[in-house]
Amino acid sequence: MANALTDAQIAEFRSQLQNRLRELREGVRDEVERSDSEHFTDVAGEVHDPEEVSVANLVIDLDLASIDRHVNEIREVEAALLRIGRGEFGVCIDCEQPIPLARLKANPTAERCIACQTDHDRAEALEVPPHSTHRSL
């Protein structure tokens, strides 16, 4: 099914997504540069007391989590830009119905309509990770 967006709306979303992509890439670059300049010993201090080491590990983990979130959003933005390029932006990848404009304005990287996203989230929540299988003793 063709999307219900006008060419002007698609152009606006493309511009918005390209700007966000630029911001995210700059943010990741800044975070990486900052984390490179902060060595573990700088964060932990010279004492290396177990509590300080724990705090240093937490700070480093938070930095990595922030970079990871940015990278994931970069992937989502790039995927949305690819859908624009293929003429598929604004169309649900599951049911192929138009995604409501209000949803796209709230989340321009949305690839599913609300109903399909809800079903997708439920299915993901029910999946049991392979490494957490229960074994009887």
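Key figures
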item	result
Any chance residue 35 is surrounded by 12 or more Cβ atoms within 10 Å (Cβ to Cβ), part of a helix (DSSP H, G or I) and at pLDDT below 90	yes
Test result for residue 53, of a type in the set (Val, Ile, Thr), farther than 22 Å from residue 20 by Cβ, modelled with pLDDT under 90 and surrounded by 15 or more Cβ atoms within 10 Å (Cβ to Cβ)	yes
Residue count for the stretch 77-115, restricted to those that are β-branched (Val, Ile, Thr) and in a strand (DSSP E or B)	1
Test: residue 46 is at pLDDT below 95, more than 25 Å from residue 12 (Cβ to Cβ) and assigned to a loop (DSSP other than H, G, I, E, B)	yes
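The values are calculated or read from the model by the stated rules, or taken from the named source; none is laboratory data. Since the model is a prediction, treat every value here as computed from it, not as a measurement. Every residue, glycine as well, gets a Cβ built from its backbone with ideal geometry; the counts of neighbours run over all protein chains shown.
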